[in-house]
Amino acid sequence: MAASGAKKKQQQQQRAAAAGGAGHRRRKVRDAEEKSWQKAGLKLNEEISSDSDTESPTFGGKRKKDNEAEEEIEETAQEKKLRLAKLYLEQLRQQEEEKAEEAALEKDLVAGRLKEDVLEQKGKLQRLIAKDLQPPDTAAIRVLRGHQLPITCLVISPDDKCIFSAAKDCSIIKWDVESGKKLHVIPGGKKGTEAQHVGHTAHILSMAISSDGKYLATGDRNRLIMIWEAVTCKHLYKFTGHRDAVTGLSFQKGTHQLYSASHDRSVKVWNVAENAYVETLFGHQDAITGLDSLSRECCVTSGGRDGTVRVWKIPEESQLVFYGHQGSIDCIQLINEEHMVSGADDGSVALWGLSKKKPLTTVRQAHGNHGTQGLEQPYWISSVATLLNSDVVATGASRCSHSASVRLWKCGEGFRRLEPLFDIPLIGFVNSLKFSNAGDFLVVGIGQEHRLGRWWRIREAKNSICVVPLQRSAAGRAQPADGS
């Protein structure tokens, strides 16, 4: 029994020694392999991404004799999740940075617009573009003909694509600016057909379009105000209430509130969107000949023979009275919220500031004189126009020759000077003037007669609309007219 136990113990020791030798040999092989991998520049524990095609290098530049396959170390599922999570977080971080940059840019743009709005409200936003304007080529002036009688008023759509014109023939025409073609014609009716005719049956004397281009308003000698859908020229409704000819119309900028002026010496306020009358303001001592407004809840009027310009503050129901011209003040336009320009039949043009009751500057005989020596009379200033928030003003007068009937002016610093820039040669009464909103063209309404009467008739004149391109110097073209 003892011999048998000793024999078993000896066998176990032999097996253990053999196993130990085999383990020792395996360790040596593994150590040799690790050294070989290290010499090749790789470690056994190096991670290789699952989408990598990197192959393990061969030892000494040759494959082993047993043609063993090239090994590829794959990342684990946990490592892949970690890598994708890090990538996703990096993408989120980049998106947040981009959003922050966009928000900062938008904030700067909004701040810039708010600053411009504040400056505009204060009347201090001024685009200095007069110095860049060049005299137009007369061959480039386009003439649009469609009305049978003198043009009395016109407006340009907010996008500068269309012109609306009206005349003593009681018609309204919508024109395409680019092609010069008629887009729509609203014919005038004969006197006595008011009940069945949709439109005007008397001379149209005033016109306005809302700043969003939705509504068109027209006023006539029959005391009526017509409201139209500007896009389709569809008649919407009619305002009555004035007791004499409606000579001025203007929408408050950014709203559908309409102001109207009349020879009955009153100013009325209407809510066009609600088809409603609001109130009536009194103050002028003679027929009102012109009216204009901008963003504030107020309007300005020219009082004809009463020799006054008035600023009406609608909420306060109060008015400011300005004196300066010696003759009948026939036209007026706002330059910005704090300054305006007016023209009179004594041939003078005046610049006004709302803080002073007298003109900041006045140009007498702005378009010269006519008549025999010793009996000269100044040409009437029949219309004025302004390029909003700029230093450019245009005036029109009656002319019976190829002498200038439209003159462009530069407003000096502080609006204390008016300097002539150049003349545009046209023939006839300049009954209406409008700058495009972008400032790249001027539209002139020409008639053989003055819009408010028949004191003279210039037979050589053509009842037409002239589209005058405004050329700018290279330096001026680099600066957009809207100041952006």
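Extension gain Arg305-Asn271, at 0.36 nm per residue separation less the Cα-Cα distance, in nm?
Contour length minus Cα-Cα distance gives 9.3 nm.
When the chain is fully extended, how far beyond the present Cα-Cα distance does Tyr237 get from Thr361, taking 0.36 nm per residue of separation?
Gain on extension, Tyr237 to Thr361, equals 40.4 nm.
What distance in nm lies between label points placed 7 Å from Cα along the C-beta direction at Asn369 and Arg416?
According to this spin-label approximation, the distance is 3.0 nm.
Using heavy-atom solvent-accessible surface (probe 1.4 Å) with all chains present, what is the largest-first order of Trp455, Trp228?
Trp455, Trp228
What distance in nm separates the simple spin-label points at Asp137 and Lys86, each placed 7 Å from Cα in the Cβ direction?
Result for the modelled spin labels: 6.7 nm.
Quick one: order Glu460, Glu178 from most to least accessible surface, probe 1.4 Å.
Correct descending sequence by accessible area is Glu178, Glu460.
Can you work out D for segment 352-414 in µm² s⁻¹ from Stokes-Einstein, where Rh is the Kirkwood radius over C-alpha pairs, the temperature is 25 °C and the viscosity is 0.890 mPa s?
182
Report Rg/Rh for segment 322-386, rounded to two decimals, where Rg is the Cα radius of gyration and Rh the Kirkwood radius.
Rg/Rh for segment 322-386 comes to 1.02.
At R0 = 41 Å, how high is the FRET efficiency between Leu128 and Val278 if r is their beta carbon distance? Nearest 0.05 is fine.
So, using R0 = 41 Å, E works out to roughly 0.60.
Using the structure shown, list the pairs from Lys191/Lys313; Lys268/Lys434; Lys161/Lys191; Lys168/Lys358 with a Cα-Cα distance above 31 Å, or answer none.
Flagged as over cut-off: Lys191/Lys313; Lys161/Lys191; Lys168/Lys358.
Using the heavy atoms of the protein chains and a 1.4 angstrom probe, tell me the accessible area per residue for segment 280-430 in square angstrom.
Counting only protein heavy atoms, the per-residue value for segment 280-430 is 36 Å².
Write out the trypsin sites (Lys or Arg not before Pro) in segment 128-166 meeting two conditions: DSSP loop, and at most 14 other Cβ atoms within 10 Å of their Cβ.
Here the trypsin sites (Lys or Arg not before Pro) that fit, given the DSSP loop and packing criteria, are Arg145, Lys161.
Sort Val392, Val231 by heavy-atom solvent-accessible area, probe 1.4 angstrom, most to least.
Val231, Val392
Give the accessible area for Cys298 in Å² (nearest 10); use a 1.4 Å probe, count only protein heavy atoms, and leave out ligands, DNA and RNA.
20
How large a share of the accessible area of segment 153-256, in percent, is made up of carbon and sulfur atoms when the probe is 1.4 Å and the other protein chains stay in place?
50
The values are calculated or read from the model by the stated rules, or taken from the named source; none is laboratory data. Owing to the predicted nature of the structure, the values given are computational and were not obtained by experimental measurement. Positions of Cβ are generated from backbone atoms using ideal geometry, with glycine treated the same way; all protein chains shown enter the neighbour counts. Please note that ligands, DNA and RNA were not included when accessible areas were found on the heavy atoms of the full protein model with its side chains. Shrake-Rupley method; radii C 1.70, N 1.55, O 1.52, S 1.80 Å.
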